[in-house]
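Participant: Sharing a structure with you now.
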Amino acid sequence: MSLSMDRRQWLKSSALVAASLALPRDLAATPHAAQSAHPRDLQDIVKLNSNENPFGISPKAREAIVEAAEFTHYYPHPAYPELVDLIARDNDLTSDHIMLGAGSTELLCLAGFRFGAQGGKVVMGDPSYFDAHDFYVRVGADLRLVPLNEAFEHDLDAIDRRLTWDVNHVYICNPNNPTATVVDPSALRSFCEEAGRRTMVFIDEAYHDLALDPYESMVDLVRDGENLIIFRTFSKIHGLAGARVGYAMAKPEIIEQIEEMSTNFAPISNLSIRAAIASYEDTEFLDTCRAANHEARTHLYTTLDRLGYFYVPSHTNFVLFRIRRDRREVQQEFRDRSIMLRTFTINDTPWIRVSMGTPEQMGAFEEALEAIAP
Ligand SMILES: Cc1ncc(COP(=O)(O)O)c(C=O)c1O
């Protein structure tokens, strides 16, 4: 599969994309735009707002879905043994260390409820994963937000100082969304060991497959029996955001406690499970997507440098950069060109977070960037 094209092709196709599109109102209304639309309606939109895989799913996952369609009248096995074993083997854990969920969001919520989010004290970085923050606010958590440091990374010392005896858990997103930064692995490892004696530690590794050095997963601490839960997802590099598959890794006692919060009925469909298994094993597809993401990111850096924008070097499939104009106006101007992205206010300054797309999509985005000059 070839994911790259030369710059001339890129710009030509991007001009076509930009010229032919108008973004329907309901799609513009929400960051997760598929909520109110048939996914087909998204095809013509330059959708760079949810950090999905722009190349779709592995051909092997597609085949697996078609094959599994025949068995959709059966309920899934509630323990999903095949996928659980695959993940356990790959991470040098046992199946008792793994719990699957309908996206990592389901698991973050179940674990959140189990470990005292409702009305209890929770510590997290700021800014960090917006939907986790939103969940904590909605369930009435007493949130302690700890500003990131000057490098836009989690400030582990400052977080540690906020971990009083009555904190129910700490949530750390690594790589962090929306800054795309990682924490120094040895500092994070020491933090997890120390903090885990006082409270439960959540480590959200949604972008694990895309991170660059010096990133390291904290999964070895799960093996060592520390007090932490790692969350991962098939929604990013695997391109299975619409299939809703995620997993948590923790020592068996912790997994049992999260499982107490769920029902006996399996929340993930047979189709999604088969797709996830096929994708997990399709290392060629994953390598190709990783390389294409790297290429898009490098190309964007060159453009941002040329246009004089400050950006945060990214360990993910999105890039955060500072703009000079009102963020809502800018977001609207991109929407008028059928380009969806996210904007944030961080330290009283407006920023754009743009997901890496196909070369065509990135061409359309970069062209719009030059025209809109945010
Ligand atoms: C940090 C982080 N965690 C979790 C999720 C959600 O993952 P899922 O689709 O598995 O629910 C996202 C999605 O953007 C994310 O950025």
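The values are calculated or read from the model by the stated rules, or taken from the named source; none is laboratory data. This structure is a prediction, so every number in the text was calculated from the model and none was measured. Don't worry about glycine lacking a Cβ; one is built from the backbone with ideal geometry, like all the others, and counts go over all protein chains shown.
Participant: Among the candidates 349, 358, 343, which residue alone is closer than 16 Å to residue 54 by Cβ and of a type in the set (Ser, Thr, Tyr)?
Facilitator: It is 358.
Participant: Can residue 88 be described as within 16 Å of the ligand (Cβ to nearest atom), buried (at least 17 other Cβ atoms within 10 Å of the Cβ), part of a helix (DSSP H, G or I) and aliphatic (A, V, I, L, M)?
Facilitator: Numbers: within 16 Å of the ligand (Cβ to nearest atom): no; buried (at least 17 other Cβ atoms within 10 Å of the Cβ): yes; part of a helix (DSSP H, G or I): yes; aliphatic (A, V, I, L, M): yes.
Considered against the rule, which asks whether it is within 16 Å of the ligand (Cβ to nearest atom), buried (at least 17 other Cβ atoms within 10 Å of the Cβ), part of a helix (DSSP H, G or I) and aliphatic (A, V, I, L, M), residue 88 comes out as no.
Participant: Still on this model: Being in a loop (DSSP other than H, G, I, E, B), over 24 Å from residue 237 (Cβ atoms) and in contact (Cβ under 8 Å) with a residue 24 or more places away in the chain is the filter here; which residues of region 97-154 pass it?
Facilitator: Matches in region 97-154: 115, 116, 117, 120, 139, 141, 148, 151.
Participant: Count, please, the residues in region 228-249 that happen to be in a loop (DSSP other than H, G, I, E, B) and touching an Asp or Glu at 6+ places or on another chain (Cβ under 9 Å).
Facilitator: Looking only at that region, the number is 8.
Participant: Tell me the residue from 220, 213, 224 that is assigned by TED's automatic domain parsing to the domain that holds residue 188 and at pLDDT below 95, please.
Facilitator: Only one candidate passes the filter, namely 213.
Participant: Which one of 285, 318, 334 is at negative phi, out of contact with any strand residue (DSSP E or B) (no Cβ under 9 Å at 6 or more places or on another chain) and buried (at least 22 other Cβ atoms within 10 Å of the Cβ)?
Facilitator: Going through 285, 318, 334 in turn, just one is at negative phi, out of contact with any strand residue (DSSP E or B) (no Cβ under 9 Å at 6 or more places or on another chain) and buried (at least 22 other Cβ atoms within 10 Å of the Cβ): 285.
Participant: Follow-up. Are any residues in region 222-264 farther than 20 Å from residue 90 by Cβ, among the aliphatic types (A, V, I, L, M) and within 9 Å of the ligand (Cβ to nearest atom), and if so, which ones?
Facilitator: 241
Participant: If you take just the helices (runs of 4 or more DSSP H) that sit entirely in region 260-374, which of them hold at least 2 residues that are among the small types (Gly, Ala, Ser)?
Facilitator: Of the helices (runs of 4 or more DSSP H) lying wholly inside region 260-374, those with at least 2 residues that are among the small types (Gly, Ala, Ser) span 270-281, 283-307, 359-372.
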